[in-house]
2 protein chains.
Amino acid sequence: MARLVDIAQAAGVSVGLVSRVLNEDPVARATPATRQRILKAASHLGYRPNYAARALKFSRTDTISLVVPDLTNAMFTELMRGVEDESGALGYTVLLGRSESLTNQDQISQLLDQGRVDGFLLQARDDESTQSLTALIGSSPVVLINGRLDTHPGSVMIDDRAASGTAIDYLLVRGHREIGLINGLRSSLTARLREEGYREALQRSGIRPVEAWITHLGYRALDAGPALAQIMQNDHRPSAVVVANVNAALGVLTKARELGLGVPEDLSVIAIHDAWTCDHTWPPLTTVRMPLYDLGARAVRTLHDRLRGSVGVDSVVDTVAPLVVERASVRSLS
Amino acid sequence: MARLVDIAQAAGVSVGLVSRVLNEDPVARATPATRQRILKAASHLGYRPNYAARALKFSRTDTISLVVPDLTNAMFTELMRGVEDESGALGYTVLLGRSESLTNQDQISQLLDQGRVDGFLLQARDDESTQSLTALIGSSPVVLINGRLDTHPGSVMIDDRAASGTAIDYLLVRGHREIGLINGLRSSLTARLREEGYREALQRSGIRPVEAWITHLGYRALDAGPALAQIMQNDHRPSAVVVANVNAALGVLTKARELGLGVPEDLSVIAIHDAWTCDHTWPPLTTVRMPLYDLGARAVRTLHDRLRGSVGVDSVVDTVAPLVVERASVRSLS
DNA sequence: TTGTACGCGTTATCAC
DNA sequence: GTGATAACGCGTACAA
C-alpha cells in the first residue's frame, strides 16, 4: 500500500534516500536524524516493498516451487518442513505444487519464463519416464528430489540402498531369512537403488534373493495388494516383506488380512519411510525413518547455489543414518 | 525471456501494436498481414508475458492462496482439486500454504501488501480463536472455508448439521439408540454445528442426548484417544460413536483396540469426511462423504466475486447431499 | 549527505 | 492502422 514515495514525503526526503536507508546501503550512510525520521515514517506507514516492482527490477522473484507427486502423503510433511525452514533462512518464499498439476508440456519453463518462480524442487512421479522428465526440465534451474538425471546435474537423494539395507538387517537380526520386496516401478531410480540395497544386504549374509519374492508394481496402496498376492501365490512363501513405501504398506496390510494372513504372526512387514499414521494401522507399522527434513533443506541449498551460478551438484543426504521405528508389524522368529 | 520489444523488432512494428494484437484489443485491429507477422514472431520466439511487469502495471497478480491447517490430511485432496480447477477456469494461479506457517502476526496482510497474492482462501486451525482470526484477516480479501465471522462476510461451509445428522440417521436405522459424539474443540464453529446436527437428529427420534457421551477434545488422532477413553469410563456406554473427523477416527480405532473393544462388535464407529485411507484402517472405516470439491470451487468463486468488488457473501454448499460410504466399522443391531 | 533520473516489461492514451 | 510515450514502484548510478 504505502510506497517509497509516500514515506519519502512523510519524512521530507527523496525516494532515493529512503530506499538506501531501508536497504541499509553501506556506501552512503544518512544523518542519524534523517535516518530516524525515515525509519519512523516507514514503520508508521507500515511500508512493505512492492514485490512486483522488485521482481521486475531484478528479474528475480526469490520464490521457488516445491513439487511433489502427492502433497497428502504424510511422508512429505518433514520434507516440506525442511524446505520451508531453509527457504526462510535463505530468503525464499515457497510455492507448493503437485506433480499431477504439471502434467502437460512445458509448464515448468512457462512458470520460469513468466518470471513467477526462480527455480524448482521437483520430485517426479515414479512412473515419469526419463525422457519425458528430461524434456520437462530442459535446462531449467531444477533440483531433482529422490531422482537423478545424467544429463542434468542437480539432485538430492536419500540413501536408498541404506534404507532397504537397514530394513533387511533388522529382519535378519530377528531371524528372518526369507524376505520379499514389494518395490516401486522399475522406471524409478529410487526403487532400483532400494532393490540393490536389498540384494546386497541379503548377499552379505550369504542369502540368495528369491526372484519370485520381488515385485515392481508401484508405490501406491493400490499397487501393493496385487504385489503381495503375487508373492504369496508361490508354494514357498517368505516370512517377511520389505515394502518400499508407507502407502504401499497400507495396501499390504489390507491384502494380508484379505488373504487370511496374520501380521506379524504369518508375515512380518517393514516399510521404508515413516509417518504418524503408522501408529494407527493394525498392527502398528514398523518403519525405517529417513532424514527427509535434511533432504528438503539440502535441496533448497542446492537450488540456491545453482541460482547463484554454481554448476548443479548431485548429492546423497546420508548425514543421518536410517532409523528403525519399532512398532508391531515384525515378529521375532528366535 | 523474449520480450514485447523483441517480437516487435522481429515483426518490424512497435511494441504497442504487438501488445494490442496479442491481447486481442477489440478497439484497434491491425492489418491481417502485420497481425500474422506479429503472431508468427511471437510463437516463434516463444513469447510469454512477464508476470512481474503485469503485476506492477495492474497491481494485481491473479494469484490466490489456499491455506489449510494440514496439507497432508487426505480429506483436503478433493478440496484442493476443486480449488485448482475453478482457479484455472477463472485464470488464477494457486499458492498452497499451511496454517501453521502463518502463525505470527500479520503474514496475511504482508503477502497482500507485498502484492504477492490477491486474496486468500483460508481454513483456520480449529483452535484459532475468533479474535485472533479477526485480527489476522482484518479487512483483507479472505474467504473463510469451514468457518464464519460475523464481522467479516465472505465464507463457504459444508452443511455440518446435515453431516452429523446423516451419520446419526444411518446409525438409527441400524438399531443404535445410544450414540456418543467425539467432536472438535468448542472454539470451532464447525464442531458446534456438528453437535447441533447430532442433537437435532437424536431428538427428532425422541432420543435425549447423553452429555457424558459428548467430548470436545479436538480433530486430531492424538485428541481422540483420550476422548474415547473418557466416554467409555461411564458405567453406561454407547453402542456407537460419531467421530467428527477422519484423523480423529484413526485415534478412536487405536484406542478402542487398546481398551479391548472390538469395532464394530462392541462399538460402532462412523466418521465425518472421507479419504482413501479409510479403506486401509482396521476395520475399514464407514464415513460420511461431504462435497469438498464443490466447496473448494465455491470458495474460489466467492473470492473472485469479492475481488471484483462484490460485498462478501456467506454460503453453505448443500447442493450435494452427504453420502454415507459404507465400509465395516458399523454394526447392525437388529 | 542527499536529490535526480533512468530502466526493468507491460498496457493505455493520445497523436499521426 | 500504427507509433510514440507515460506510468506502475523500485533501486541505483550519477550529479550536486
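In the set B:LEU45, B:LEU39, B:LEU22, only one residue is closer than 18 Å to A:GLY115 by Cα, more than 9 Å from chain A (Cβ to nearest Cβ) and of a type outside the set (Ser, Thr, Tyr); that residue is B:LEU45.
The set of residues from the range B:281-293 being surrounded by fewer than 22 Cβ atoms within 10 Å (Cβ to Cβ) and either of a type in the set (D, E, K, R) or within 12 Å of chain A (Cβ to nearest Cβ) (or both) comprises B:TRP282, B:PRO283, B:PRO284, B:ARG289.
How about the range B:67-78: which of its residues are among the aliphatic types (A, V, I, L, M), in contact (Cβ under 8 Å) with a residue 60 or more places away in the chain and more than 7 Å from every other protein chain (Cβ to nearest Cβ)? The answer is B:VAL68, B:MET75.
Any idea which residue in the range B:9-22 is farthest from DNA strand D (Cβ to nearest atom), counting only those that are assigned to a helix (DSSP H, G or I) and of a type outside the set (A, V, I, L, M)? Explain how you work it out, then say what you get.
We begin by selecting, within the range B:9-22, every residue assigned to a helix (DSSP H, G or I); these are B:9-11, B:15-22.
From what's left, of a type outside the set (A, V, I, L, M): B:9, B:16, B:19-20.
On the way: B:GLN9: 11, B:GLY16: 3, B:SER19: 8, B:ARG20: 7 Å.
Residue satisfying both the conditions and the ranking: B:GLN9.
It is to be established whether one or more residues within the range A:7-19 are within 14 Å of chain B (Cβ to nearest Cβ) and away from DNA strand C (no atom under 12 Å from the Cβ). Scanning the range A:7-19 turns up no residue that is within 14 Å of chain B (Cβ to nearest Cβ) and away from DNA strand C (no atom under 12 Å from the Cβ).
Quick grid of which residues meet (1) part of a loop (DSSP other than H, G, I, E, B); (2) within 13 Å of chain A (Cβ to nearest Cβ); (3) of a type outside the set (Asp, Glu); (4) closer than 15 Å to B:SER65 by Cα:
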| residue | (1), (2), (3), (4) |
| --- | --- |
| B:ALA271 | no, yes, yes, no |
| B:ASP279 | no, yes, no, no |
| B:LEU295 | no, no, yes, no |
| B:ALA299 | no, no, yes, yes |
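Taking the criterion of being crowded, with 22+ Cβ neighbours inside 10 Å and facing chain B (nearest Cβ under 9 Å), the residues of the range A:250-267 that qualify are A:LEU250, A:GLY251, A:LEU253.
Look at (1) surrounded by fewer than 24 Cβ atoms within 10 Å (Cβ to Cβ); (2) under 14 Å from B:GLY312 (Cβ atoms) and you find that B:GLY154 fails only one, number (1).
None of the figures in this text is laboratory data; all of them are computed from the coordinates on show. Predicted, not measured: the structure shown is a model, and the values here were computed from it. Note that we place each Cβ from the backbone using ideal geometry, even for glycine, and neighbour counts take in every protein chain shown.
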